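The values are calculated or read from the model by the stated rules, or taken from the named source; none is laboratory data. Computed from a predicted structure; not experimentally measured. Glycine also receives a Cβ, built like all others from the backbone with ideal geometry; neighbour counts cover every protein chain displayed.
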Amino acid sequence: MELTEKIARYVVELQYEQLPPEALAVAKTAFVDCIGVTLAGSREKSATICGQIARQEGAAAEADAEPLGLAGSTALAGRGRLPVTPSRLVQG
């Protein structure tokens with residue numbers, strides 16, 4: 001069995017109850033920190049510029065993605081719905 005397959009099997013078979021309480025506490029703290037940093041950073045001038053660029057590029061990217069059936073992505077912190085590729089710029 002390949003290493004990737006072993007990791008995938010572990011992740012698929014892992015039950016929430018098997019996770020140590022310390023690991024859950026760290027994961028929850030990291031998640032809240034990530035959301036907080038995202039929201040704080042969304043007010044930075046660089047985030048506004050990235051959002052403007054993404055919206056400008058969004059129409060072309062949407063047209064390219066539509067025939068492929070690719071869905072858009074909802075940008076965090078009030079940036080609205082953007083095609084996947086430009087949204088990566090905004091999301092960081």
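Show the residue pairs meeting these rules: Cβ distance below 8 Å; 6+ apart or different chains; first residue within region 44-71 and among the β-branched types (Val, Ile, Thr); second residue at pLDDT 80 or above.
Qualifying pairs under 8 Å: none.
Six or more apart or on different chains, Cβ under 8 Å: which pairs go from a residue in region 1-21 that's β-branched (Val, Ile, Thr) to one that's assigned to a helix (DSSP H, G or I) and surrounded by 10 or more Cβ atoms within 10 Å (Cβ to Cβ)? Could you list them?
Every condition considered, no pair remains.
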